[in-house]
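All remarks here apply to the structure that follows.
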Amino acid sequence: MIPAAFKYASPSTVQQAIELLSKHRDAKVLAGGHSLLPLMKLRLAMPPVLVDINRIPDLDYIREDPQLNRLRIGALARHDDFERSSLIEQRYPILWDTARGIGDPLVRNRGTMAGAVAHADPAADWPASLLALNAEVVATGPTGERVIPITELYVAILTTTLRADELLTEIRVPLPTERSGGAYEKLERKVGDYAVIGVGAQLTLDASGNVASAGIGLCNAGSMSIKATQAENFLIGKPVAPDNVNQAAQLAMEASDPIEDDRGPVDYKRAMVREMTRRALRRALERARGGAA
Ligand SMILES: Cc1cc2nc3c(=O)[nH]c(=O)nc-3n(C[C@H](O)[C@H](O)[C@H](O)COP(=O)(O)OP(=O)(O)OC[C@H]3O[C@@H](n4cnc5c(N)ncnc54)[C@H](O)[C@@H]3O)c2cc1C
């Protein structure tokens, strides 16, 4: 349980961090450390250099930017910052739900949304909600910034389109519009565990109450976080009636491809994708209508 030897760097600016990542191509960014350090202790990861970004100031923000029409989330915003934010609780309940279900208070105090997004573990909760929200990530590298839709971030388990010399500096979420609401439903074996299955759903209704836009993201339902596109498209233009919810949940289940492990067999997990999707959609609808959370 002792990591292999590594060099440690603690830059004080984003620019310095990128210079270090450019110089040491096998270096790893250290944010909350709650995914990286366990892997290093097991020697499944043996980066020769750690670039600790925790001393870079002003990366822990969560703020709305009306000009950009985005909620902007800095690389050091921690799970716990979302849980304690009234802005998130009131305007982004899907993110509030998600934060509250991650690990335990120790994990939430240190772990960052950006670290979870960059780590690309299909069992991570944030990516499912961010896929439902059509989020974007900002990657900053030696030649500047590029904005990547989260739908283009994941390529395989623990693998993203981020380059070795890029830092994920920001996550952006579209500002909520009228008649929109979201929810995250997580099935876990016990409090503090990773999800058996998690589902994030975000709905926007039109003036007549039909679905104007829908987002559905699945956690731990395949080798990557999954956006259930067919289920989303099915709902567009329809009322959120029980039959339509059931059909969308069925389509979400069909998009899933879980493996059997100690959290359950494949058939059970697929059935739980369907059930968690139903629950997330119902709660998202209630919130979109302005009802109780
Ligand atoms: C006991 C325990 C329970 C947990 N339970 C859950 C759970 O229920 N749900 C869940 O979703 N997660 C869970 N986690 C994981 C936790 O949420 C992690 O904190 C999170 O996945 C990673 O965030 P981090 O800031 O700790 O990243 P780190 O561990 O520091 O980094 C993870 C990876 O991302 C890279 N990285 C980090 N930040 C950046 C960046 N800004 N730019 C580029 N690359 C970056 C690192 O180089 C590394 O490869 C659990 C962890 C533990 C230890």
Next on the checklist: I need the full set of residues from the stretch 198-222 which are surrounded by fewer than 24 Cβ atoms within 10 Å (Cβ to Cβ) and within 16 Å of the ligand (Cβ to nearest atom), in order please.
Outcome noted: G222
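Find the residue count for the stretch 227-265, including only residues that are among the hydrophobic types (A, V, I, L, M, F, W, C), more than 16 Å from R278 (Cβ to Cβ) and in contact with a Phe, Trp or Tyr (Cβ under 9 Å, 6 or more places away or on another chain). Let's see the steps before the verdict.
Keep residues of the stretch 227-265 that are among the hydrophobic types (A, V, I, L, M, F, W, C), which gives 228, 231, 234-236, 240-241, 245, 248-249, 251-253, 255, 259.
Next, only the ones that are more than 16 Å from R278 (Cβ to Cβ) stay: 236, 259.
Narrowing further to those that are in contact with a Phe, Trp or Tyr (Cβ under 9 Å, 6 or more places away or on another chain): none.
Within the stretch 227-265, residues that are among the hydrophobic types (A, V, I, L, M, F, W, C), more than 16 Å from R278 (Cβ to Cβ) and in contact with a Phe, Trp or Tyr (Cβ under 9 Å, 6 or more places away or on another chain) number 0.
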Item to check | When residues of the stretch 223-235 are limited to those that are without any contact (Cβ under 8 Å) to a residue 40 or more places away in the chain and of a type in the set (S, T, N, Q), the one surrounded by the fewest Cβ atoms within 10 Å (Cβ to Cβ) | outcome: N233
Checklist outcome for this item: In the stretch 62-101, anything away from the ligand (no atom under 11 Å from the Cβ), of a type in the set (V, I, T) and either surrounded by fewer than 17 Cβ atoms within 10 Å (Cβ to Cβ) or within 15 Å of Q202 (Cβ to Cβ) (or both) is listed as I88, I94
Checklist entry - When both residues are 6+ apart or on different chains and their Cβ atoms are under 8 Å apart, which pairs have a first residue that lies in the stretch 92-113 and is over 20 Å from G215 (Cβ atoms) and of a type in the set (K, R), and a second that is modelled with pLDDT of 95 or more and near the ligand (Cβ under 7 Å from one of its atoms)? => result R108/H79; R108/I102; R110/G32; R110/G33; R110/H34
Checklist entry - Could you say whether any residue in the stretch 239-261 is touching a strand residue (DSSP E or B) at 6+ places or on another chain (Cβ under 6 Å), closer than 18 Å to I102 by Cα, at pLDDT 95 or above and surrounded by 15 or more Cβ atoms within 10 Å (Cβ to Cβ)? => result no
Next on the checklist: Take A195 and tell me if it is away from the ligand (no atom under 16 Å from the Cβ) and in contact with an Asp or Glu (Cβ under 8 Å, 6 or more places away or on another chain).
Outcome noted: no
Checklist entry - Could you say whether any residue in the stretch 236-255 is over 22 Å from G181 (Cα atoms), charged (D, E, K, R) and without any contact (Cβ under 8 Å) to a residue 60 or more places away in the chain? => result yes
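The values are calculated or read from the model by the stated rules, or taken from the named source; none is laboratory data. A quick note: this is a predicted structure, and the numbers were derived from the prediction, not measured. All Cβ positions, even for glycine, are placed from backbone atoms using ideal geometry, and neighbour counts span all protein chains on display.
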